[in-house]
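Down below is the structure, laid out as structure tokens.
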Amino acid sequence: MTRFDALLFDFDGVLIESEATGNRHIADYLTAAGFPTTPAESMAQFMGLSGKDFLSAIEAHIGAPIPPDFQAARRAEDERCLREGIVEVAGATAFVRSLPVTLPRAVVSSSRVRWIATHLGHLGLRDAFGEHLYSGAEHVANGKPAPDLYLYAAEQLGVSIERCAIIEDSPVGATGAVASGAFVIGLVAGGHCGPDHADRLRAIGVDAVARDFAEVAALLH
């Protein structure tokens, strides 16, 4: 058993490698549109954001309105990923399957529920979270970096947020997770995590950093 009463998982960059693929697509699109952007710049500025905050960050980066076909290009890329699937972050599936069946857990993501559920299906984990798939774009008024989504998920699980551990990878997500009052593990196992990623998460105030899911497991006991 773990020393926590529930686990809250971010999704993109924690369970699947979508941060790397998604930010590469954004960088390629913006560069082709005349706004040279590297994948590293995209990850540094847009990772973890959703909705109007995401669009505002892009407009601030390019110093211009969002190109008119951006949303359609993103939808097409999302649909491709939904059809084809995205690989797991190394060790993610085995870690989730290793958890006690009775341990409450939820996904807390900036992505929409359809995205979460479909990719959990690709990983063979759709049953592992039941109906506890929560989206910052669908379930709360203020998504990450506000703490609202984590507080909402804890309430739905019937567990005090102080008794939850949150696994987050992005600075935006870590900011909200730390503000929630939970124990926060900054996971730097994804392909999008550069050499300074752990230091960025520590500066935000995460309680611990894990390089892989074996280290996450050790932190939970």
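The values are calculated or read from the model by the stated rules, or taken from the named source; none is laboratory data. This is a predicted model, so every value here is computed, not measured. Glycine gets a Cβ as well: all are built from the backbone with ideal geometry, and neighbour counts include every protein chain shown.
So the values come out like this:
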quantity	calculated
Where a residue in segment 172-186 is basic (Lys, Arg) and its partner, wherever it lies, is not in a strand (DSSP E or B), with Cβ under 6 Å and at least six apart	none
Subset of segment 92-101 (residues that are more than 16 Å from the chain's Cα centre (by Cα) and either closer than 24 Å to Tyr29 by Cα or in contact (Cβ under 8 Å) with a residue 40 or more places away in the chain (or both))	Ala94, Phe95, Ser98, Leu99, Pro100
Number of positions in segment 119-147 that are within 15 Å of the chain's Cα centre (by Cα) and assigned to a helix (DSSP H, G or I)	2
Number of the exception - Arg3 against (1) surrounded by 16 or more Cβ atoms within 10 Å (Cβ to Cβ); (2) at pLDDT below 95; (3) under 22 Å from Ala189 (Cβ atoms)	(1)
Criterion (touching a Gly at 6+ places or on another chain (Cβ under 6 Å) and assigned to a helix (DSSP H, G or I)) met by exactly one of Ala20, Ala57	Ala20
Residue ID - surrounded by the fewest Cβ atoms within 10 Å (Cβ to Cβ), chosen from residues in segment 9-52 that are within 21 Å of Ile185 (Cβ to Cβ) and of a type in the set (Val, Ile, Thr)	Ile16
Residue that is nearest to Ser18 (Cα to Cα) [pool: residues in segment 141-179 that are out of contact with any helix residue (DSSP H, G or I) (no Cβ under 6 Å at 6 or more places or on another chain) and polar (S, T, N, Q)]	Ser170
Sole residue being surrounded by 20 or more Cβ atoms within 10 Å (Cβ to Cβ) and more than 17 Å from the chain's Cα centre (by Cα), chosen from Ile62, Ile58	Ile58
Whichever residue in segment 94-109 is more than 26 Å from Gly136 (Cβ to Cβ) and of a type in the set (A, V, I, L, M) and, among such residues, is surrounded by the fewest Cβ atoms within 10 Å (Cβ to Cβ)	Val101
Qualifying residues in segment 23-53 (those that are part of a loop (DSSP other than H, G, I, E, B) and of a type in the set (Gly, Ala, Ser)) - the one farthest from Leu123 (Cα to Cα)	Gly34
Failed condition for Ser111, given (1) of a type in the set (Ser, Thr, Tyr); (2) touching a Cys at 6+ places or on another chain (Cβ under 8 Å); (3) not in a helix (DSSP H, G or I)	(2)
